[in-house]
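Taking it in order: structure first as structure tokens, then the write-up.
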Amino acid sequence: MDENLILEILSKSYENVVITVIKTENDLKALAKRKPDLVFSGVKYFIFDKKEDIWLSDYLKEHNIDYITSNKEALSNEYFKDNAKNIVKNANVNTAKFFTTQPDEHPTESSLPVTFPLFLKPITGGDSRGINPESVVFDFKKYQAKVLDIFETQQSRTLVENYLSGKEYSVSIVENKSKNILMILPVEIIAVKNKNGHRVLDYEAKQNDLEEVIAVSDKKIHKELCNIALNSFIALGGKTMGRIDIKTSFNGILHFMEANFMPGLGNGYFARSFMLNENMDYEQMILKIADAG
């Protein structure tokens, strides 16, 4: 997030807004001592002097200070993509069949729990890191090559799932429990075809804004997206705001892909979903989030 821009926006509606820089545990303790009404931050946790991680949301909750993001449990639920898929699957939300692996863990094609075509990506991380045209695989040799690539370049195990060749969506959620307000804002994302002819939202496409983001005009699809997103958000324990990514199979069935409970607050899918669904600009979005927090 652009903290100076958010400072400017919040200062128009709140009496005392300041940017706090936290470099040490004492800085964090000083923040808690001041007891602000709300902490507006995209920080997950701090590591001070190689001690145990201090998760900001849980630390603030212990000090009875409101914040805009989910707690440690929810953020941990969505961090590992395989874990998130298991949780939503147990909540009766569709998700593609999957397994996780690393080089030599599944040595033969017959040892694979899921059949081709497959989609391969790191089990953690955002911004489509580790995803490229070779992420869609149709044979075992290319499967092995991509698993090795992810292991070497991303230092990660691989999430392997049935390839969903249909449309891609992102659904933003803002929940204001005190005012009983729930905003569920779907958009469709249309990626350009890659060199292999597949519309995959890969790292290069995201970095260079090669995708198109449009409103969801079909009322039936819009409703189904909202239901899947909300059920996933609840199952994963989300609070205040989040984003749920959904994709359809070749026959149009919607599937949960992954969640992000700390979405970027730049001009990404989260911000664009407010404009396309509610005609709300960036400033209005930031104020909605602050009010919900």
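Couple of notes before you dig in:
- The eigenvalues of the Cα gyration tensor, multiplied by 5 and square-rooted, give the range 1-150 an equivalent ellipsoid with semi-axes of 42, 16, 16 Å from largest to smallest.
- Positive minus negative residues near Leu159 (Lys, Arg vs Asp, Glu; Cβ under 12 Å): +3
- Here is the list for the range 220-293: chymotrypsin sites (Phe, Trp or Tyr not before Pro) lying in DSSP coil, each with at most 12 other C-beta atoms within 10 angstrom of its C-beta, are Phe250.
- Mean ellipticity per residue at 222 nm, deg cm²/dmol - from DSSP H runs of n ≥ 4 across the chain, formula -39500 (n - 2.57): -10500 deg cm²/dmol
- Subtracting the Cα-Cα distance of Thr100 and Asp291 from 0.36 nm times their residue separation leaves 64.8 nm of extension gain.
- Among Asn92, Asn64, Ala74 the positive-end extreme of the charge dipole of the range 41-105 (Cβ point charges): Asn92
- Excluding ligands, DNA and RNA, the accessible surface per residue across the chain is 53 Å² with a 1.4 Å probe.
- Cα-based Rg and Dmax for the chain, where Dmax is the largest Cα-Cα distance (Å): 20.0, 64
- The mean of 1/r over all pairs of different alpha-carbon atoms in the range 43-131, once inverted, gives a Kirkwood hydrodynamic radius of 16.1 Å.
- Euclidean distance of C-alpha centroids, the range 34-86 and the range 217-267, integer Å: 22
- Using θ = phi - 60° in the Karplus curve 6.51 cos²θ - 1.76 cosθ + 1.60, the 3J(HN,Hα) couplings for the range 211-219 round to 9, 10, 10, 10, 6, 8, 8, 6, 5 Hz; x is entered for Gly and Pro.
- Translational diffusion of the range 212-270, µm² s⁻¹ [Kirkwood Rh, Cα pairs; Stokes-Einstein; 10 °C; 1.306 mPa s]: 127
- Peptides 69-78, 90-99 ranked from most to least packed, by the mean per-residue count of other Cβ atoms within 10 Å: 69-78, 90-99.
- Sites Lys223 and Val192 - FRET efficiency at Förster radius 22 Å, r taken between beta-carbons, to 0.05: 0.20
- Atom-type composition of the exposed protein surface of the chain places 47 percent of the accessible area on carbon and sulfur (1.4 angstrom probe).
The values are calculated or read from the model by the stated rules, or taken from the named source; none is laboratory data. Predicted, not measured: the structure shown is a model, and the values here were computed from it. Positions of Cβ are backbone-derived with ideal geometry, glycine not excepted, and every protein chain shown enters the neighbour counts. The protein model used for the area step is the full one, side chains on, heavy atoms only, and it has no ligands, DNA or RNA in it. Shrake-Rupley method; radii C 1.70, N 1.55, O 1.52, S 1.80 Å.
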